[in-house]
Every structure is written in structure tokens, then in C-alpha cells.
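One structure is given here, and the rest of the page talks about it.
The values are calculated or read from the model by the stated rules, or taken from the named source; none is laboratory data. Since we're looking at a predicted model, the values are computed, not measured. No Cβ is skipped: glycine too gets one built from the backbone with ideal geometry, and neighbour counts run over all protein chains shown.
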Amino acid sequence: MLVMKEQIADRTTTAIATGAAMNWIWLPYLEHVLSIALSALGVIWLLVQIYYKVRSGR
């Protein structure tokens, strides 16, 4: 799981750097969209974890 988080962080950093290099005006918007996307992925991951814990009866 740690490797996946590092990959996500690396890809996010690369995407932000690429966006800033292409057009610095887009940077705040790109950063905001990526933040929302990562938050949504975190919520989905949490819901899946809760589902499997409830399903297994823990």
C-alpha cells in the first residue's frame, strides 16, 4: 500500500510540474482538481475498507 501511495504522490507531482511548465496560469486549477480527485479516492478507499470489515464481522 505504501508503494501505491508513493506512486500517486509522484504522479501528482509530475502532473503539477507538467501543468506549470505548460501554462503557469493553470497551476492553481490543476492543483485544486488533483486535490479533489485524491480526496475522492481516499473516501472510496475508506468506504471499501469499512465494507470489508463489516462483511467479515470484525
Checklist outcome for this item: Contact list, first residue from region 31-58 and under 21 Å from residue 20 (Cβ atoms), second anywhere and surrounded by 11 or more Cβ atoms within 10 Å (Cβ to Cβ) and hydroxyl-bearing (Ser, Thr, Tyr), beta-carbon distance below 7 Å, six or more apart or interchain, is 34/12; 38/12
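Tell me whether region 47-57 contains one or more residues that are at positive phi and either among the small types (Gly, Ala, Ser) or modelled with pLDDT of 80 or more (or both).
Of region 47-57, the ones at positive phi are 57.
Those still in the list that are either among the small types (Gly, Ala, Ser) or modelled with pLDDT of 80 or more (or both) too: 57.
Yes: one or more hits.
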